[in-house]
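Worksheet: one structure, shown below.
Every read-out reported here was derived from the displayed coordinates using simple, explicitly stated rules and does not represent laboratory data. This structure is a prediction, so every number in the text was calculated from the model and none was measured. Quick reminder, even Gly has a Cβ in these numbers, built from the backbone with ideal geometry, and neighbours come from all protein chains shown.
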Amino acid sequence: MSKWTGIGRSETGHVRTVNQDAFTAIDAHGIWAVADGMGGHIGGDIAAQTAIKTIEDHAASSNEALRNGHPPPTDVLTDLIARAHEAIVDRTRSQPKLKGMGTTIVLLAIVPTPAPVAYLIHVGDSRAYRFRSGALTPLTRDHSLIEKYLERGILTPQTAKTHPERHVLTRALGVPGMATPTIGAFPIQDNDVVLLCSDGLMKMLEDDDIQRVLTTQSEPDPTHLCDQLVTAALDRGGEDNVTVVVVAHR
């Protein structure tokens, strides 16, 4: 019986000494996620790991609700992200030295019936893409100062790449007042590939580069594509932690 299958890989890279990324790929529950701890903040790795563990702990009950359709999928995923946020906040209360820690998150849930729909919820600048018929389409927009500048026409995409505020987030889990997620629903087809990634991938690869890698296989193999994308980012310099989850229909 065919199903949606996700494979993930996370690497520290060639510059960082600690991997502050984390991911989960729970095929049985139809839930996949990537988290990226806030760089430069103490406990970024702990925040990312806490968020992912919370999602894993509640994945089974969330999946049951998603399949039943009650409450609506948007409510289920919003609650899941809220639980992850509160888990990080609780960890900070119990360990004050971790004050200020936070993480991005991008989470995918696929509801298979009556027709498959991909629900995506995210906070921060970890991203999701859909690859279909040779074309790569972004499904999320970063919660960052740079994205705001781009929306307002203050910067061009080219100048944004080197702007000194390019790493400043406007939303993050674990930070009071900054955890509001964005959620969307996208119809998907059996030949689609959905990609989740931390910004360590986008720092090294342009969208055209990612598209070229995903075009290399007529029948998508999540393991192979995941390895190819991470290896490409490392070969370009691996300046940050890089994490990729590739989800395809098998």
- Task: State to the nearest 20 debye the size of the charge dipole of the chain about its Cα centre, where the only charges are +1 on K and R beta carbons and -1 on D and E beta carbons.
- Result: 460 debye
- Considering Cα pairs under 8 angstrom that are at least six residues apart, work out the relative contact order of the chain and quote it in whole percent. 27 percent
- Computed from the beta carbon distance with a Förster radius of 45 Å, FRET efficiency for GLU206 and ILE42 to the nearest 0.05 stands at 0.90
- Message: When a/c reaches 1.5 or more, the comparison of a/b and b/c decides; with that in mind, is the stretch 76-150 rounded, prolate or oblate per its Cα gyration tensor?
- Response: oblate
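Fewest to most neighbouring Cβ within 10 Å: what's the order for SER61, SER198?
On the way: SER61 13, SER198 31.
With the sparsest Cβ surroundings first, the list reads SER61, SER198.
Once every DSSP H run of n ≥ 4 in the chain is given -39500 (n - 2.57) and the sum is divided by its residues, what mean residue ellipticity at 222 nm do you get, rounded to the nearest 500 deg cm²/dmol? Write out the running numbers ahead of the final one.
Working: 7 runs with 86 residues, N = 250.
Taken over the chain, the calculation gives -10500 deg cm²/dmol.
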- Between VAL168 and SER218, the two model label points (7 Å from Cα along the beta-carbon direction) sit apart by a distance in nm of 5.0 nm
- Provide the FRET efficiency to the nearest 0.05 for the GLN158-THR113 pair, computing r from the beta carbons and using R0 = 45 Å. 0.55
- Charge dipole of the chain built from unit charges on the beta carbon (Lys, Arg +1; Asp, Glu -1), centred at mean Cα; most positive-end Cα among ALA28, PRO181, LEU120 is PRO181
- Message: Given R₀ = 22 Å, what would the calculated FRET efficiency be for GLU151 paired with THR78, taking r from the Cβ atoms and rounding to 0.05?
- Response: 0.40
- For ILE31, list long-range residues whose amide hydrogen, built 1.01 Å from N in the peptide plane, is under 5 Å from its own amide hydrogen. ILE26
- Item | Separation of the ARG67 and ASP190 label points, Cα + 7 Å toward Cβ, nm | 2.0 nm
- Note on the structure: Expressed in µm² per second, the diffusion coefficient of the stretch 1-141 from the Stokes-Einstein equation, with Rh the Kirkwood radius over alpha carbon pairs, at 37 °C and 0.692 mPa s, is 207 µm²/s
